[in-house]
Structures are given as C-alpha cells and as structure tokens.
1. What is the number of the single condition among (1) in contact with a Lys or Arg (Cβ under 9 Å, 6 or more places away or on another chain); (2) assigned to a helix (DSSP H, G or I) that residue 222 does not meet?
2. Please count how many residues of the stretch 418-433 are closer than 13 Å to residue 379 by Cα and touching a helix residue (DSSP H, G or I) at 6+ places or on another chain (Cβ under 6 Å).
3. Residue 280 versus (1) modelled with pLDDT under 95; (2) out of contact with any helix residue (DSSP H, G or I) (no Cβ under 6 Å at 6 or more places or on another chain): which is the lone unmet condition?
4. Confirm whether residue 134 is among the charged types (D, E, K, R) and more than 30 Å from residue 31 (Cα to Cα).
5. Identify the residue in the stretch 106-148 that is buried (at least 20 other Cβ atoms within 10 Å of the Cβ) and charged (D, E, K, R) and, among all such residues, is nearest to residue 181 (Cα to Cα).
6. Can you confirm whether residue 87 is modelled with pLDDT of 95 or more and under 26 Å from the mean Cα position of the chain (by Cα)?
7. Within the stretch 364-385, count every residue that is assigned to a strand (DSSP E or B) and under 25 Å from the mean Cα position of the chain (by Cα).
8. Which number in (1) closer than 30 Å to residue 61 by Cβ; (2) small (Gly, Ala, Ser); (3) at pLDDT below 95 marks the one condition that residue 320 misses?
Amino acid sequence: MKRLTAAIALALSAMPVVIHADDWIGRIAGNAYITQLSIPGAHDAGTGYGFTGFYGTIAGPSMALTQDLTIEGMWDCGVRAFDLRPAMSSGELQIFHGVCQTKLSFASAINRLCDLLDAHPSEFAVVLMRHETDGDSNNSGWAGEVSHILSNSRYSAHLVPFRPDMTVESARGKIILMTRDAFDTPAAAQISGWSHSQEFENQQRGSITCGGATASLYVQDFYDCTASDGAALKTQAITRMLDYSSTLHLPSAPNGRWVINHTSGYTKSASSDGNRNLAAVANKAMIDYLSSSSNTPGPTGIVLMDFAGADKSGSYDVKGLELTSSLVNHNFRYQMRTAGPDDTILEPTPSTETIDYWHTFTTPLREYRSVAVTDNGALVGNSNHSDRLNHWKLTERTDGTFDIINRSTGAYINPKSANSNDQLHTSAIPPMTGWKIEPADTDGYYVIYSGKDVQLHQTESGYDYKIFNWGNWGTPDKSDAGCQFEIRVVDSNPSDAVMRPYMTDAVTTYWHTISAPQRENRIMTLGDDMMLNGDSEASGPKSQWMMTTRPDGDVNIINRHTKAYIDPKSSYNSQMRTTASEPSAGWKLDTTGSDNLYVIYSGSSTQLNQTMEVFNYQIFNWGNSGGAPETNDSGCLFHIHMVDSEPTSSNFTDIITEPYDSSTIYDIQGRRLQRATAPGIYIIGGKKHFIRP
C-alpha cells in the first residue's frame, strides 16, 4: 500500500485549499467488504457548479449552497460518494437542490465520474440519488429520462449491480448507484426506509434492494437543526451512529450492513449560512470522534457532509477538507473484514539490498493494537496502524535472527532494554542480539522473541497498552493473546541503498530517475522540445539521468536519451531546459534529512521545482533566495532513485587502451589538451571516448 501523498494547490484566500489525494481505495485489500470502509461523501454534490434558472439565480447562492468544489475538486481531496438530485427542466435532467437549479446536468455528472474512474481504475464511486420533486413539481417523465440517460453504453458499462456483500475488487472502476426513487435500470439499487429522525431506533429501518438481494441500511439524516439545541442533537445523532458503525469490523458483528451517516443539515434557517454554521459544528464533531484515543477505530460507512474538501466557506470554518482527510486516513487504523484470502502479505518479509518492506505488528486478540515507538523510545500498542511510528522493517543478521527497525526514527527494538514484565525500548544502534519470529498457536499469527528470556507482549489498558518483555523461560509463549502478532506488509519502497545519487565514474555509469513524491510522484522527463516536464510515468531513457562530478565538486546532470545537460541558466519562474554542451555551472544535491529527499540547486538563483497541473507539470526554476535552497516546498523535494547501471565504456564511441595524440582533444570540462594520457573520458574529434585504465 502506498501512503497517502498530496499536492497542495494555492488559491485565493476566499477559496478553499484543495489537497489532491492519491488513489486511496487502491491501497485497500480487494477482498475487503465495502461495508468495512470509511467513505467521505458530498451531500447535494452539484451545488459547487453554481446556479441557473429563475429560482437558482435569485436564491441559490444564499439559500441552497452546500458545496464549494466541483466533483473533480472533491474527488482530488478523496471524496468517493456523491449525492445527486436530478429534476426535469425544459425536457432535460438537471441537478437541483430544492427549487434551485444548478449548472450541472445529470448526464454531465455521470460522465465526469466515468472520466475520473477511467483515470483512476483502482477507485470506485457511490452515487446516491433522489428525485428532487420540488424542482419539477414531481414531473412524471423523471424515471423514464433517468433510465434513458443511464442506458448510454458508456454509462451503463460503468455501473456495477449492487450486492449486500460487495467487495472492493468487485467495484473498482465502477459506480455503485443507489436511489430513493424508482426507475428502470437493472444495476440501480432501491433504497427504502430512509430516516430523518434524530432517534437511533428510527434510523435502523432502512434497506437496499437490487436483483432480489436485500441489505440492511442504517441512515442518520437528521437535518433540521434550527431548534436552540439542534446542533447538540445533531452531534449526538452523529456520535451514536459512529458508536454503532465502529463495531461492524468485529467478527461478531453482522455482515453486509450498510451505514450512511450525515454531518449535513442546517441551523438558523434553511440557508447557505445555516448549512455552513452546522458544518462548522458537525464536521468538527466527527473529526474529534475519529481522533479521540478513547474511541476504538472502526468503519464509519458513507459520510455525507456539506462543503466536502473545503476547510473554509464564507466566514465559517467548515472543516470539510480536514474531515475528508480524517476519513481517508481512518481506513488504515482498523482491521477490515474480508471475503477470503487477503491480497496483502501476512507474513514477515525481510528487506533486501534494493527493497525495504514495512510491516505492522498488531494483536488481533488484544484490540488490534499496533506496536509503535514513543518520543522517548518506549514501545506501546497504538490504535492507529497507519502512522510511520507503527511501521517496522526486518533485516536479517548473520546468525539468522532479525533486527527490527522503525520507519520514523530508524531505531532498533532492543531485546536487552527491559527485564521481564517491564516496558521495552528502542536503541539508536544495532543491539547485541536479534529477534526470532515463529508461528503462534493461532493460524496466521506469530510470536516475536529473543534468546531465552525476552518476548514481545501487548499489555492491556491497565498497563496503558505498553509493550512489555513477557519473558519466555527458554520457550516462547505461543498461546497468550498479547503474545500473538499479525505481521502485515503495509508498504514497500526502494531501500536507502538505491535512493541516493550515484556518481558516474570511469568504470560504471549509473542511471537515475528523479521524481517528486509530494507532487503526485511526477518523474522528471525530457520533452521533444528539450525542455523538462514532470510526467506521470517514466518514458525510458528520456526519464533517466546520470550525474558526473565536476572539478569544483558540483554535479552535471545528463539525460540518457540525448546526452544533453540540464542547464542552470534557465530564467526564474520559467521552464527548465537542457543544453547540448556542458554548462558553465553545475548542480548541488543536498539531502533534507527526510525520507531520502533531495533539493537540487545551482548557485544563488536556480533550483529545480516540480510544478502542478496549473503549470502543465513543467519543471521550473524556483530560485533559491540568495543561495539558501528551499526545503519546505513540496515541489522542491525529489527522490533520486538509481534504476540502472552499465560499464562506462558502453556510453562512448570508442575505447582506447593507450595514450592518444590529437590536435582536437578536450577533457570532460571542455579544456583543450595536447595529449590524452590518463584514464578517463575525453572529447576527441567531437565524439566522446574513454581511455581504459
């Protein structure tokens, strides 16, 4: 699974800040039930396009606005569920909110989702529909027009028939369509028993039916919060549904039960500011619930919110982006129920020279706590499984045991750091002894121990969930609930050994990719116009670069396809270019101390920067503020990954084994020579040659 990455788009202060989330559903096991997910959704998702028509123009912005972003904007933030309310207008289906018509048509909304799914085939979208009868006086042609539009071959190909026990894999690249009003489309699921009550007892009576299969549905959509205690009652309703949904991943919970939990609604009046005012309270309430250590993580189901993806709307702190991000991250804090064998690796996988495998060590028999390291190096069982403090790699020692190394701190779990029944700690250097990992009594679980007197053990709440040395009296305890760990590979990446620049020398040429992991992992690529761009995928030699050391210690960066050099003399805030000849100045590659990230700069006025979509992902000269490189901007941080190597001689026209005389000899720095005597690279007759040692 890839960790969540983001690219931040700057906007005017009056506009929301948008985070472009990666394909987060793609990181979830394909056999996980969809009911196990926490899915951010947008209530009345079409209002971000603005309004039209008589009532829409007059009242839409002040009375009916629930979203500030478009479908695409919300998708980029991680939203995957969309509430669409079509009604007839002039013979066509338009998206409405009440009597206010938006500028988005129903066909356009479905088409946009199809485009997004084609571009992100690991994802799926949930569409929740109802006939907005206030918009067309309950037009009898509504059902027929919906069916007609959805019969379009492209749209129908993207619809997946609903099943109560749908898995993530069965829905990838598809739309799950649910409707509160009937129409004739076989894949559409019919919802009944929708509830607007604040009482949990009345929210349990829903159902979803498709093709003879019916699922139980719990719905919290208490939206009229205009009473003096309305916001408080809404918060109670949200929390009560979360208390229930958070148990649905437990083995004892019923399977195939769907949950829809709304934070949307209004206070004051049915108005845009009323929507904003409640969002500021309700969205925050759910954020607080999800982040509270006193609440056991579990599924939220589909959460429909107002102002999804926007933290600010008007003068209100609606926290829609924070809630969306919280829900996305929440999926990786609990163990989901699955339909069969998991498609993730559930066994210890040692790191190799080229790949680091990162694991979580969790205790399914003890609240699914995950081993983590604290600020002082002590080990605890954490309820959040996605934090880097919970990630560990295994490196094999010469005696066949393992070192266990933390991803965030680089520290080792030290077997000698605790006596029996005391808290274990990490150490900055490799410990004197390693760890053994063997199967536990429960199939699929492992015990982790060292020597004859040390064993990892997850304690309970009475010991603040500390990781103790259980002791093993010569034989590891394979039956105690706190000693049995599920070891799951949650991420992998090129190891430190290849995530750094290698300088080409007279013997070996090293080729690298240069990518911006915090800018959609764009890969620096040479365009046909000899300019630099960040591409979504590598383009062979056009995306590969070698580094050679200059006499002053700086570096030349040379493209494999053209042998052209990146030219530091490109203008400030303009696209970087290459040059066929060696430039007068070189580049510096400085580490940032974080995740093998480098800044690449030259002199006092040039620094490489991966721009965003608004600049067509071109590589710009960012400038570097008088010689100090920018180390905080996400576009200035690069992974330099060695992907290939070859004998240096294969890059040159000729191999020479003896000193060479010519009137046109230049060294690699462009200095004219009378004679080439030392081993190395020379330009002879306009071509590169290599004199072998």
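1. (2)
2. 2
3. With (1) modelled with pLDDT under 95; (2) out of contact with any helix residue (DSSP H, G or I) (no Cβ under 6 Å at 6 or more places or on another chain) applied to residue 280, the lone miss is (1).
4. yes
5. Per the criteria, the residue is 132.
6. Against the criterion (modelled with pLDDT of 95 or more and under 26 Å from the mean Cα position of the chain (by Cα)), residue 87 does not qualify.
7. Within the stretch 364-385, residues that are assigned to a strand (DSSP E or B) and under 25 Å from the mean Cα position of the chain (by Cα) number 7.
8. With respect to (1) closer than 30 Å to residue 61 by Cβ; (2) small (Gly, Ala, Ser); (3) at pLDDT below 95, residue 320 is out only on (3).
The values are calculated or read from the model by the stated rules, or taken from the named source; none is laboratory data. Quick caveat, the model's predicted, so the values are computed rather than measured. FYI the Cβ positions are ideal-geometry reconstructions off the backbone, even for glycines, and counts take in every protein chain you see.
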